[in-house]
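Participant: This structure is in structure tokens; I'll ask about it shortly.
The values are calculated or read from the model by the stated rules, or taken from the named source; none is laboratory data. From a predicted model like this one, the values you see are computed outputs, not experimental measurements. Glycine also receives a Cβ, built like all others from the backbone with ideal geometry; neighbour counts cover every protein chain displayed.
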Amino acid sequence: MSAEIDAGRLAERPLRFTTIETITMDPRLQRLLAQRRSGRRFRATASTGVDEIAVIAEVSDVEAWQALTEVRPGATIPDGDGGAIVTGRVRVSDVESLRGRSFVRTLKAARPLFGSLAETTRDIRASSLSDLKHRGGWSGIPTGIASV
């Protein structure tokens, strides 16, 4: 089998290039988008509706985030620079347009951190979570959100 190329045919068809703006996206969000494009439907959970996911974002304008019709806002943690780390619920189909907004610095799929719970209780010298209740509740226990 010969792999000859007909240069005349190639010259007849001009090449067209399209400029594509690349926006880096969280790999978990990329996976969810690919699953949605393949026809997957996302079930409702206790905190999300059908085809909705929980997200965490770093934004420069909290009011603009809360004003978006495609976001059901959740918690807001100010960062001291006029922006904040925010949470929300969004439809999977709205993720790409949301990520492209000028005030959205980062957007990631929220995920539970169950695996670290055992380590955390050991770090604060609690034998179990119920032990915390007997020692004064949750006051004084450090909590946080890590954004990588």
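Participant: Any residue at all in the range 57-65 that is surrounded by 18 or more Cβ atoms within 10 Å (Cβ to Cβ), modelled with pLDDT of 90 or more and in contact with a Phe, Trp or Tyr (Cβ under 6 Å, 6 or more places away or on another chain)?
Facilitator: yes
Participant: Just give me the residues in the range 79-94 being in a strand (DSSP E or B), over 22 Å from Ala44 (Cα atoms) and in contact with a helix residue (DSSP H, G or I) (Cβ under 9 Å, 6 or more places away or on another chain), in sequence order.
Facilitator: Matches in the range 79-94: Ala84 only.
Participant: Looking at the range 16-25, can you tell me whether even one residue there is at pLDDT below 90 and either surrounded by 13 or more Cβ atoms within 10 Å (Cβ to Cβ) or part of a strand (DSSP E or B) (or both)?
Facilitator: Yes, because at least one residue in the range 16-25 is at pLDDT below 90 and either surrounded by 13 or more Cβ atoms within 10 Å (Cβ to Cβ) or part of a strand (DSSP E or B) (or both).
Participant: Another question, if that's okay. Take the conditions of a type in the set (S, T, N, Q), within 15 Å of the chain's Cα centre (by Cα) and at pLDDT below 90 and apply them to Thr87. Does it pass?
Facilitator: No; evaluated as a whole, the condition is false for this residue.
Participant: From the set of residues in the range 95-119 that are in contact with a Ser or Thr (Cβ under 7 Å, 6 or more places away or on another chain) and part of a loop (DSSP other than H, G, I, E, B), which is modelled with the lowest pLDDT?
Facilitator: Ala110
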